[in-house]
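See structure below.
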Amino acid sequence: MQTQWVSYGKFLIQAIPNFLADSGEWRGKVQIMRKNGSKIQPFTILDNTFKTEGEAIRGSLEYGRLLIDELIPGHYLENI
C-alpha cells in the first residue's frame, strides 16, 4: 500500500492500517501532523477492526478527522 497524506483543516492525516495475520482482519491506525511540519502523533483504533484494507484506510481517515474535531472522548492532539 502506498501511503499518502490527506489535508484536513490545519492538519495532515495519514492512514497506515495494519494487517492482523491471526484474524485476517485489519486494524486502523492514523498519524496526524500540523501542516507547518511539527511533530507527528500516531493513534491506533483499538475498539474496531476492518475486513479489508480499503475499509481500514477509510475508517482511519475518518478517525483522524474525529480526533482533530475533538469528538473522541479521552483522545486529544497533544503538542502537535
Exercise. Out of (1) in contact with a helix residue (DSSP H, G or I) (Cβ under 6 Å, 6 or more places away or on another chain); (2) at pLDDT below 95, what's the single condition that is false for I57?
Worked result: (1)
Problem set entry | Of all residues making up the stretch 29-52, the number that are surrounded by fewer than 15 Cβ atoms within 10 Å (Cβ to Cβ) and more than 14 Å from F11 (Cα to Cα) | 6
Exercise. Of the residues L66, L71, which is assigned to a loop (DSSP other than H, G, I, E, B), without any contact (Cβ under 8 Å) to a residue 40 or more places away in the chain and not basic (K, R)?
Worked result: L71
Problem set entry | Members of the stretch 34-53 found to be within 20 Å of I72 (Cβ to Cβ) and over 11 Å from the mean Cα position of the chain (by Cα), listed by number | R34, K39, I40, L46, D47, N48, T49, F50
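The values are calculated or read from the model by the stated rules, or taken from the named source; none is laboratory data. Since the model is a prediction, treat every value here as computed from it, not as a measurement. Every residue, glycine among them, receives a Cβ derived from its backbone with ideal geometry; neighbour counts consider all protein chains shown.
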